[in-house]
Structures are given as structure tokens and as C-alpha cells.
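Below you'll find the structure, written out as C-alpha cells, and then a few comments.
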Amino acid sequence: MRSIKIIFPFLFLFLFTACEKDFEEINQNPFDPTETEIGPLFNSVISSLQLGWNEQFYLHNEKLYQVTQQAALTAESFQNFSIGTEDVWANYYSALADIREIERRLDAHEGDQEATNNVRAQLLIIRAYKTFRLTDLFGAIPYFDAGKGFESTDFVRPKFDSQESIYRSLLEDLEWAVNNMNFDGVPVTESGEAYLNINGFDNLFSNFLFRWEAFANSLRLRHALRMAEVDEAYAAEIVAEIINSSAPLIDVGQDVLMTPRQQNWLNQGVNWSFREHNKLRMGSTIWNLLSENDNTDGSGIYDLRAHLFFDTNNDNEWVAFPQIPAAGIEPSGGIPYQQQRDGNYGFKGMSNIYSAFEYYLIRDERDIPEIIMTAAEVHFIKAELYMRGIGVSQNENEAESQYLQGLTESFAFWQKVMLNSEIWVQQPTVIPFSELFTIANHPNLNIFTSEDKLKLIYEQRWMDAFRQPWEAFSLLRRTNATPRQGPDNTFYRFTYPPSETTNNPTNWSSQVGIMGGDETTTKLWWMP
């Protein structure tokens, strides 16, 4: 088991203070006078988008896949969620301290403040994405005063802020970002000063501002819809502004991804989290949406993603683990995620009697991306908006069109993930894009003939988020309409990490009092 590398007695200093290193000297680029000195610091924030090892093990694999029923948990062995919550908490607040430091330097810029707008907008977008992710896991969090320990001791133990106030602030930040980036190609401000830029230090979009704009608008749509159940009027205003102005959104081929090979890092955490955990298998809930029947030869499979998400058992059979297992059901063992399969792909261990995740999907450390947001998701969001008439006129035809685009782009995206993998040698048949529409017309996928079109939209957004269980978790909590067997979900949030009770006890206690307890059954602000 990988040891925890964060030493709790020092976590407090790590989270809420900023190192006063001589960044100005070491980060200057004498060959580009318009480049800011914060490029490497900015890129460290981008790097923080990588999923944590313990986050994946304890939050995703041990809990979220089970809660969302995107997979089946064959045994609950670990349950130490605090190791995962410490991981995601520490990642966020260390990155937030870097973000605050960059903001401080931009504020201290002695020239025209307009020259900082592009970099400031990029920073706001990343901060919004990371903050949305954290608050959607926990609810209220320290935000407005957090990460400012270098400014004053008043901020060493920051107060908790309501999720509602955080959401509204982040959505305003994203609006500012898209309205203040310089897209007209003029390299200087009205005062004649060159716009600052981070050039080669943008490992996410290579400093293409239109990609940042599309990401920001797509985030606005995602989170406006998420809060629509509690404040539809506010959400609708944001949706209307984006849709009616034809604002740029993430489009096909512009998916927002963390790509190890391009960004020069190894994604070792995902295979570690699966092989050490070894309890996840294909569950009956998702299997029923991939195959018409339980034929073990796979003859009932109608969704090509079955072959991209999952694999057969050791007997080369498709067998789902019951989502709600009966007492005494035989567990699944074997070595479906162990690296011995590099040399013998077909052997998964005699006791691996249920279908596991596709080996290469969680084994490839160089070419399988970590997903932040895709064009397919944007289409599914728009499909729901048109279906429900939130911020746009209710339009069933447009909803159907957006759904069809989302579904076919999801097919294409996941095939591309496989084809881009250098080690994925056991490949299923590749379906040309022109034929993907035929698959989308299968009776179980065809929205034009569906009796419950909104249910189908939720199903396929849930399916597309297969490697984003935190997003499927939010969809479940907001709609209570994602694919499910058994009783309704009552797990709504993760409890705060233990380090917060030690390092920030007064504010933690105050927040817990407001909530009525630090419980997993406490609903988030945006939940109906």
C-alpha cells in the first residue's frame, strides 16, 4: 500500500501559507519581455489538475463507483475515506495558495492593469474549475479567505463559506474572464503596453485563448444547470446569455483533458489504485445499458463502449456482478489489474469470474487522458436545457439533435482514446464515424422513439462520465434519475478531512453546527 506522503503536523503550514521563494529571479525569461514571471507557478497549478492517487483509491474506487452504480464494488474492504479526502483537500489548498500568489503579483503589476487581463482570466477559470470540484464533494468550504496565509495571520485559519455564495462568485468570475480576455489580436492595450502572457507555461491549451473561452462558457453551463433546481431564474439568465449569443463552447476535438504524454508526466496513480484495490467489476446496472441480454458470449452487446470500458472474465465470458448482491454471493478475485498481464493479457486469474474494467484503460500511463470536460458532455447539457426549457425555449427537436450529437461524439471520443493508446494492442473492431449514427438508432438508445427522453439524456450523460465518477455523482444527486437498482441513494457528500478539525477547529466546529452535523446524508445547497 502506498504510504501517505503528507505529514499531518505540517499540513496546516502547507495549506494556508505560501512560500516566499525568490520566484521573480528564477522565473524570468530574458528572451521574452512580455512574458510574466509567474509562468512556472501557473503551470504548477495546471499540474494540480492531475487526480490524486489516494483520491482515486478511496473516493472513486471505494465509494463513488458504487454510489453511482457505474461499476459494482464486490467487497468493501477499506472504508478509510479520510485518506482520500485529505488528498483532495491538500491538493486544492496548496494550489489555491499558488493561485493567490499569482494574483498578488498581477495586482502588483506597475503598468497598465489591463495588460494582466488574459493571464488573470486564465487563472480565474482554473480556480473556478478546481473550486467547483471541491465544493461539490463537501458543500461549504473555506474559500474567500483561504490560501492567503502569506498576507496576514488573520487568514491562517479561514472561515467556511456557504456553497451558494461560492457558486455565485465563481460564475461571476467566469463571466468576467470571457468578457475581458483579448480576442481581437491586438498585442497591446490602449495605453500601448503589451499584454502579459504565459506562453510555453500553459500546458492545458498552449495559450490559445479561444480554448480558454470555450472552457469557461462550458463550465458556466454545467454549473448553472446544476443550481437550476434551487434557483432556476439565476441559472436561466446565464444559459440564455451563452446560448443566445452563440458563445464558444467546447466542440468536437477540443475536449479538456490532462494528457500525460503531451504534458510530460506518468499517470501511475490510476493503475495503482485499481490493482491495489482490486474490488471493482462491471455491475449489472451498467451491463443492462450495454447489452440486450446476459449472453456470456457478448452477442447481446449493442453499445461499442462495452468493449472500451470492460473486459471478459478469465473464461472469456461477459458476466456482470449483481449490483445488489445476495448474501453469500461468490466474490471476484484474480489479477485483472496486475501488471503481469502486460505479457499475458488473456490471463486474469482463475478466480476472476466477473468482468473487470478494460485492462488497458487503467494500465496505460502515457496515452489515456484524465477527463475534465468533453464536447459530448456539453451536448448532453444542452439537450437537457432544451428538453426542460431552462434559459431557452422548450424545443424537443433541438433536444433530440443535441442528444444525438452527444451520443455519437461520446462513441467517437472513447474509440479515439483506445486508438491513441500505444499499448492497447487487443483492440475491438473500430466503427467508422459515419456508422456511429446507426448504433445511436438502436431502440435502447434512440431518443426519437423514446417514451422518456429526459431519462435517456441522463442515462447517456451518466454513461459518458464513466471515468469521471465525481460528475456522475453530481448528476445523481441533482436528478435522482440516473440508472439505478435497489433503493435511492442517500450518500450526498464526503465528511471533512480530520486535519481540518485539528488545524481549523473553531471554524470547522461552527460550520458543522450550521449543518447540524458533519454527515454524509447532509444535502448540498443545489440539491432539490
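Reported count of residues in the stretch 219-258, each being in contact with a helix residue (DSSP H, G or I) (Cβ under 9 Å, 6 or more places away or on another chain), of a type in the set (S, T, N, Q) and surrounded by fewer than 19 Cβ atoms within 10 Å (Cβ to Cβ), is 0. Residue pairs whose Cβ atoms lie under 7 Å apart, sitting 6 or more positions apart in sequence or on different chains, and linking a residue in the stretch 373-390 that is touching a residue at least 60 places away in the same chain (Cβ under 8 Å) and closer than 18 Å to S474 by Cα to a partner that is basic (K, R) and assigned to a helix (DSSP H, G or I), are E377/R461; F380/R461; I381/R222. In the stretch 286-305, the residues that are exposed (fewer than 14 other Cβ atoms within 10 Å of the Cβ) form Cβ pairs under 9 Å with partners that are of a type in the set (D, E, K, R), at six or more places apart or across chains, as follows: D297/E317; S299/E292.
Where helices (runs of 4 or more DSSP H) fall wholly inside the stretch 197-265, the ranges with 1 or more residues that are under 26 Å from S48 (Cβ atoms) and of a type in the set (F, W, Y) are 209-226. Only one entry in D255, D294 is acidic (D, E) and under 22 Å from the mean Cα position of the chain (by Cα), namely D255. Candidates S48, S82: the one that is in contact (Cβ under 8 Å) with a residue 40 or more places away in the chain, surrounded by fewer than 20 Cβ atoms within 10 Å (Cβ to Cβ) and within 22 Å of M373 (Cα to Cα) is S48. For the residues I390, I381, the requirement of being more than 25 Å from T74 (Cβ to Cβ), part of a loop (DSSP other than H, G, I, E, B), of a type in the set (A, V, I, L, M) and within 24 Å of the chain's Cα centre (by Cα) singles out I390. A326 fulfils the conditions (1) modelled with pLDDT under 95; (2) outside any loop (DSSP other than H, G, I, E, B) except for a single criterion, (2).
Exactly one of (1) closer than 24 Å to A465 by Cβ; (2) part of a loop (DSSP other than H, G, I, E, B); (3) aromatic (F, W, Y) is unmet by W272. Its number? With (1) closer than 24 Å to A465 by Cβ; (2) part of a loop (DSSP other than H, G, I, E, B); (3) aromatic (F, W, Y) applied to W272, the lone miss is (2).
May I ask you to verify whether G147 is touching a helix residue (DSSP H, G or I) at 6+ places or on another chain (Cβ under 8 Å), touching a residue at least 40 places away in the same chain (Cβ under 8 Å) and not in a helix (DSSP H, G or I)? Here the answer is yes, as G147 does meet what is asked. Per the listing S77, S152, S169, the residue uniquely among the hydroxyl-bearing types (S, T, Y) and modelled with pLDDT of 95 or more is S169. When the stretch 474-509 is filtered for residues that are among the charged types (D, E, K, R) and outside any helix (DSSP H, G or I), the ones remaining, listed by number, are R484, D488, R493.
Out of Q426, Q485, one residue alone is over 15 Å from F138 (Cα atoms) and modelled with pLDDT under 95. It is Q426.
For the stretch 326-336, indicate whether the set of residues that are farther than 19 Å from K279 by Cα and among the hydroxyl-bearing types (S, T, Y) is non-empty. Checking the stretch 326-336: not a single residue is farther than 19 Å from K279 by Cα and among the hydroxyl-bearing types (S, T, Y).
The values are calculated or read from the model by the stated rules, or taken from the named source; none is laboratory data. Quantities reported herein were computed from a predicted structural model and do not represent experimental measurements. Neighbour counts run over all protein chains shown; Cβ positions are idealised from the backbone, glycine included.
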